[in-house]
C-alpha cells in the first residue's frame, strides 16, 4: 500500500505534466463532447470494441458483500466532479455510486463476461420498470404487493416483498421480455451463450429472492460475509442516511434514464489487461471527458497477489484525469460479522498513479 500513498501535491503536479498540464485539463472540460445518447449500434460497438476475452473470478459475484459501501459517499460527492465519467467493476454497488455522482456516462469493466450479462439484465429491468417497486418485482419474479407507492422507503419495499413467494410463471414471462427487449428492441447481437448467461443470472435472483447473498450460487469458498440483497438495499451511510440506488425514486429515475440512453456501458476486461481500461480511456479522451471516479472494489488485492498491479497502474495512468479524480476501493475492517467484513475508502487517482507514466506510454 505504501507505494500508492504518496504526497498529493507532488503527485498532482506530476500527473498534470503527464497529461499535458493544467491547460490540457481545462481544454478537456471546455471541449466536453460526451454524447447525450448512444444509438443501439454505438452502444454495442463500444462494448465489443473495448472488451477483452472472458476471464475468471472465484465466484459468480452476482451482488456485493460490502455493507459499508455508502460510508464514503458524503466525502465522494464533495471530492469528485459530477457530470463526468464514472468507471467501476462488479455488480449493483456501482448503481449506488452512480446515483450519488450523477455522471454523464458510466463504464463497468469486469474480467468476467458473466458480469456483462448481469448488467445487460439490469439494463433491461431498469428500462422495463416504471418505478422501484416494479423493478424489484421484475428482479425477483414476485408479484407486486398492494400498498407500495413511489414514496415508500427501501425498507418498506423489501419488507413487503419478503412476504411474497417467487413465481416461476412470472420468471419465465419476464425472462422472455428481457430477451425480446435486448435482442428485438435494441438489436444487440447476443450469442446463445450470452442468453444462457442472462438466464442463469436471472434464475438465481428468482430462486433465492431478496435473500440472495454473495455466496448463494457457490464458488471456491462457501462461507463469508453474508449480507443479503435486502440488507444492501436498506443500508445507510454512517449518519443513517439512505443513499442506495433504491432509496428513493429520484435515484432510480436517474439510473433508468442513463440506461435508456445507452450511457452505462459494460465492458469485459482485466484491470491489468492490454486493452479494456486503455480503450475506455481513449474513447473518453476523444470525447473531451474526464474520469471523475473509479470504483475498484478489492481487485487490487488480487492484482498484487498476481504481480500485475503495476500493469493496472500503467493502464489507469492513460485515463483522462484531473486533480480530483477519485478511486473508491473496498478494504477489510477486521470485523467478521454478517456483511461487515468490507468497507470503503477513497484515494486520489492522480496521486496514486504518478509513478506509472512510463508504463502508460508503452
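The values are calculated or read from the model by the stated rules, or taken from the named source; none is laboratory data. Given the structure is predicted, the values throughout are model-derived calculations rather than measurements. When we count neighbours, we look across all protein chains shown, and the Cβ atoms used for this are built from the backbone with ideal geometry, even at glycine.
Please return the ranges of strands (runs of 3 or more DSSP E) entirely within the range 226-338 where 3 or more residues are in contact with a strand residue (DSSP E or B) (Cβ under 9 Å, 6 or more places away or on another chain) and over 30 Å from residue 187 (Cβ atoms). It would help to see each step written out before you state the result.
Numbers: elements: 264-268, 291-297, 326-332.
Here the list reads 291-297, 326-332.
Mind checking which residues of the range 134-177 are assigned to a helix (DSSP H, G or I), over 19 Å from residue 245 (Cα atoms) and in contact with a strand residue (DSSP E or B) (Cβ under 9 Å, 6 or more places away or on another chain)?
Keep residues of the range 134-177 that are assigned to a helix (DSSP H, G or I), which gives 134-140, 154-161, 168-177.
From the residues that got through so far, the ones that are over 19 Å from residue 245 (Cα atoms) too are 168-177.
The one that is assigned to a helix (DSSP H, G or I), over 19 Å from residue 245 (Cα atoms) and in contact with a strand residue (DSSP E or B) (Cβ under 9 Å, 6 or more places away or on another chain): 170.
Could you identify the single residue in 316, 234, 299, 291 that is surrounded by 23 or more Cβ atoms within 10 Å (Cβ to Cβ), more than 19 Å from residue 77 (Cα to Cα) and in contact with a helix residue (DSSP H, G or I) (Cβ under 9 Å, 6 or more places away or on another chain)?
316
Return the total of residues in the range 105-133 being buried (at least 22 other Cβ atoms within 10 Å of the Cβ) and in a loop (DSSP other than H, G, I, E, B).
The qualifying residues number 1.
Answer yes or no as to whether residue 180 is in a helix (DSSP H, G or I), over 16 Å from residue 91 (Cβ atoms) and at pLDDT 95 or above.
yes
Of these, 97, 86, 71, which one is assigned to a loop (DSSP other than H, G, I, E, B) and either in contact with a strand residue (DSSP E or B) (Cβ under 8 Å, 6 or more places away or on another chain) or at pLDDT 95 or above (or both)?
Values: 97 fails: assigned to a loop (DSSP other than H, G, I, E, B); 86 fails: assigned to a loop (DSSP other than H, G, I, E, B).
Only one candidate qualifies: 71.
Output yes when any residue across the range 6-17 is at pLDDT 90 or above and not in a helix (DSSP H, G or I), and no when none is.
Narrowing the range 6-17 to residues at pLDDT 90 or above: none.
No, the conditions are met nowhere in the range 6-17.
So which of 339, 355 is touching a helix residue (DSSP H, G or I) at 6+ places or on another chain (Cβ under 8 Å), closer than 30 Å to residue 234 by Cβ, surrounded by fewer than 23 Cβ atoms within 10 Å (Cβ to Cβ) and modelled with pLDDT under 95? If you could, list the steps in order and put the result at the bottom.
Details: 355 fails: closer than 30 Å to residue 234 by Cβ.
Of 339, 355, the one residue that is touching a helix residue (DSSP H, G or I) at 6+ places or on another chain (Cβ under 8 Å), closer than 30 Å to residue 234 by Cβ, surrounded by fewer than 23 Cβ atoms within 10 Å (Cβ to Cβ) and modelled with pLDDT under 95 is 339.
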